[in-house]
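Student: Dropping a structure here in structure tokens format, bear with me for questions.
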Amino acid sequence: MTDTVIMEYHQPVMLQECIEALQIKPQGIYVDLTFGGGGHSAAILPYLTTGRLIVFDQDPDAKANALNDSRVEFVAANFRYFSKYLRMYNIKQVDGILADLGVSSHQIDAPERGFSTRFDTNLDMRMDQKGKLTAADIVNGYPEKDLVRIFSAYAELRNSRTLAKSLIIARAAEPITTSKQLKKIVLPLAQRRKENQYLARVYQALRIEVNDEMLALREMLAQTADALLPGGRLVVMSYHSLEDRLVKYYMNTGNFKGEQEKDFYGNLIRPLKPIVRKPIMASMNELERNNRARSAKLRIAEK
Ligand SMILES: C[S@@+](CC[C@H](N)C(=O)[O-])C[C@H]1O[C@@H](n2cnc3c(N)ncnc32)[C@H](O)[C@@H]1O
């Protein structure tokens with residue numbers, strides 16, 4: 001695959017920082033849980049000699065970028081099942097795991113996928129196009145209390161109840177199937193001059209719910225400690241605070257509440273040790289080149 005294809009599909013974020021964080025051993029086994037355009041994987045590969053790289057993506061579109069190399073295995077699956085697949089490949093433990101969460105530029109820029117607020121298109125938002133639940137199913141079919149739940153938890157909106165009610169009233173008149181219809185309902189509820197942020201948060205909540213992102217992330221993180229060899233590295237990049245909180249808590253404490261457990265002598269009991277206290281952010285230089293790097297937070301832990 002050429003560099004041009006990678007750049008068009010997705011420009012990798014904090015590429016050098018991720019590679020350094022993985023501390024790649026030439027004979028090691030590495031896992032890229034979010035292959036996307038393959039930018040991170042393509043940068044890992046030259047560091048490997050006899051090592052292997054197992055890559056995952058739940059979006060079948062990503063397979064078109066698969067690296068043609070005998071050391072690489074592409075698994076078209078949700079990363080919440082990654083340990084099971086490693087066992088299928090007879091791999092007990094690995095030297096490093098990378099996860100670059102969220103959606104790729106390819107997914108955002110393809111109007112028919114429904115991830116972007118920019119287009120008038122169907123309300124879809126599935127990363128895995130075989131998935132059963134779409135954003136249209138949620139806005140048309142969820143009971144009011146569940147709409148309130150997702151807008152409160154995943155968009156952190158103060159007026160989730162009003163929004164849920166507005167959707168219920170609108171859908172009683174006609175099904176809400178397009179982003180144009182959704183915007184007409186949502187935008188009047190936003191504060192003046194904050195319309196875009198409000199809409200982006202509503203979209204974020206729907207996307208998280210469609211793809212069951214928070215649970216998939218927890219399930220994936222919970223498998224990493226056992227999947228890593230001693231000294232192995234977990235490198236995770238997240239793009240919003242809900243994700244980053246789970247990653248931080250898990251790396252610091254081994255649980256998702258951030259509750260510290262100590263032994264008799266007062267030593268922390270946790271499966272991984274965080275390598276950085278504060279998340280690493282993209283450099284000014286990178287931000288000038290890639291606006292999508294602005295919300296990225298990189299965290300690293302070692303077994
Ligand atoms: C930000 S992009 C990764 C970009 C990649 N690092 C690159 O350099 O091109 C995230 C990718 O992860 C995939 N993804 C997100 N959640 C996933 C999950 N639970 N299981 C498998 N793939 C997932 C998305 O389909 C998307 O292609």
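Student: Could you please tell me which pairs satisfy a Cβ distance under 8 Å, a separation of 6+ or placement on different chains, a first residue in the range 194-215 that is more than 15 Å from residue 184 (Cα to Cα), and a second residue that is away from the ligand (no atom under 16 Å from the Cβ) and open to solvent by 50 Å² or more (accessible area, probe 1.4 Å)?
Tutor: Cβ pairs passing all conditions: 201/156.
Student: Another one. Looking only at the range 230-272, count every residue that is touching a helix residue (DSSP H, G or I) at 6+ places or on another chain (Cβ under 8 Å) and either among the aromatic types (Phe, Trp, Tyr) or closer than 21 Å to residue 99 by Cβ (or both) and tell me the total.
Tutor: 20
Student: Here is a follow-up. Of all residues being in contact (Cβ under 8 Å) with a residue 60 or more places away in the chain and among the hydrophobic types (A, V, I, L, M, F, W, C) in the range 76-90, which is farthest from the ligand (Cβ to nearest atom)? Just the residue, please.
Tutor: 86
Student: For the range 281-303, give me the residue count where each residue is open to solvent by less than 50 Å² (accessible area, probe 1.4 Å), aliphatic (A, V, I, L, M) and more than 18 Å from residue 10 (Cα to Cα).
Tutor: Residues meeting the conditions: 2.
Student: Assuming residue 41 fulfils every condition listed in (1) away from the ligand (no atom under 14 Å from the Cβ); (2) open to solvent by less than 20 Å² (accessible area, probe 1.4 Å) apart from one, which condition is it?
Tutor: Every condition holds for residue 41 apart from (1).
Student: Which one of these does residue 31 not meet: (1) without any contact (Cβ under 8 Å) to a residue 24 or more places away in the chain; (2) not in a loop (DSSP other than H, G, I, E, B)?
Tutor: Looking at each condition in turn, residue 31 falls short on (1).
Student: For residue 232, state whether it is touching a Lys or Arg at 6+ places or on another chain (Cβ under 8 Å) and either in contact (Cβ under 8 Å) with a residue 40 or more places away in the chain or crowded, with 19+ Cβ neighbours inside 10 Å (or both).
Tutor: When the stated conditions are applied, residue 232 passes them.
Student: Considering only the range 254-267, I want to know if a residue exists there that is crowded, with 18+ Cβ neighbours inside 10 Å and either more than 16 Å from the ligand (Cβ to nearest atom) or modelled with pLDDT under 95 (or both).
Tutor: Step one: filter the range 254-267 for residues crowded, with 18+ Cβ neighbours inside 10 Å, giving 254.
Keeping just the survivors that are either more than 16 Å from the ligand (Cβ to nearest atom) or modelled with pLDDT under 95 (or both) gives 254.
Yes.
Student: Looking for something without any contact (Cβ under 8 Å) to a residue 60 or more places away in the chain and buried (at least 24 other Cβ atoms within 10 Å of the Cβ) - is there at least one such residue anywhere in the range 62-75?
Tutor: So far as the range 62-75 goes, yes, one or more of its residues are without any contact (Cβ under 8 Å) to a residue 60 or more places away in the chain and buried (at least 24 other Cβ atoms within 10 Å of the Cβ).
Student: Right, here's the next one. Quick test of your reading of the structure: residue 166 fulfils all but one of (1) within 14 Å of the ligand (Cβ to nearest atom); (2) touching a residue at least 12 places away in the same chain (Cβ under 8 Å). Name the failing condition by number.
Tutor: Single failed check for residue 166: (1).
Student: Based on what the data block shows, is residue 243 open to solvent by less than 60 Å² (accessible area, probe 1.4 Å), within 23 Å of residue 94 (Cβ to Cβ) and not β-branched (Val, Ile, Thr)?
Tutor: When the stated conditions are applied, residue 243 passes them.
Student: Select, from 99, 110, 136, the only residue that is over 16 Å from the mean Cα position of the chain (by Cα) and either among the acidic types (Asp, Glu) or at pLDDT 95 or above (or both).
Tutor: Every option except 136 fails the conditions.
Student: Further question on the same structure: Return the residue satisfying two criteria in turn: it lies in the range 209-243 and is of a type in the set (D, E, K, R) and part of a helix (DSSP H, G or I), and of such residues it is farthest from the ligand (Cβ to nearest atom).
Tutor: Here the answer is 226.
Student: Could you list, in sequence order, the residues of the range 91-107 that are in a loop (DSSP other than H, G, I, E, B) and within 14 Å of the ligand (Cβ to nearest atom)?
Tutor: 101, 102, 103, 104
The values are calculated or read from the model by the stated rules, or taken from the named source; none is laboratory data. Fair warning: this is a prediction, and the values are worked out from it, not measured in the lab. As a convention, Cβ positions derive from the backbone with ideal geometry for all residues, glycine included, and neighbour counts pool all protein chains shown. Remember, those area values only see protein heavy atoms, side chains included, never the ligands or the DNA or RNA. Shrake-Rupley method; radii C 1.70, N 1.55, O 1.52, S 1.80 Å.
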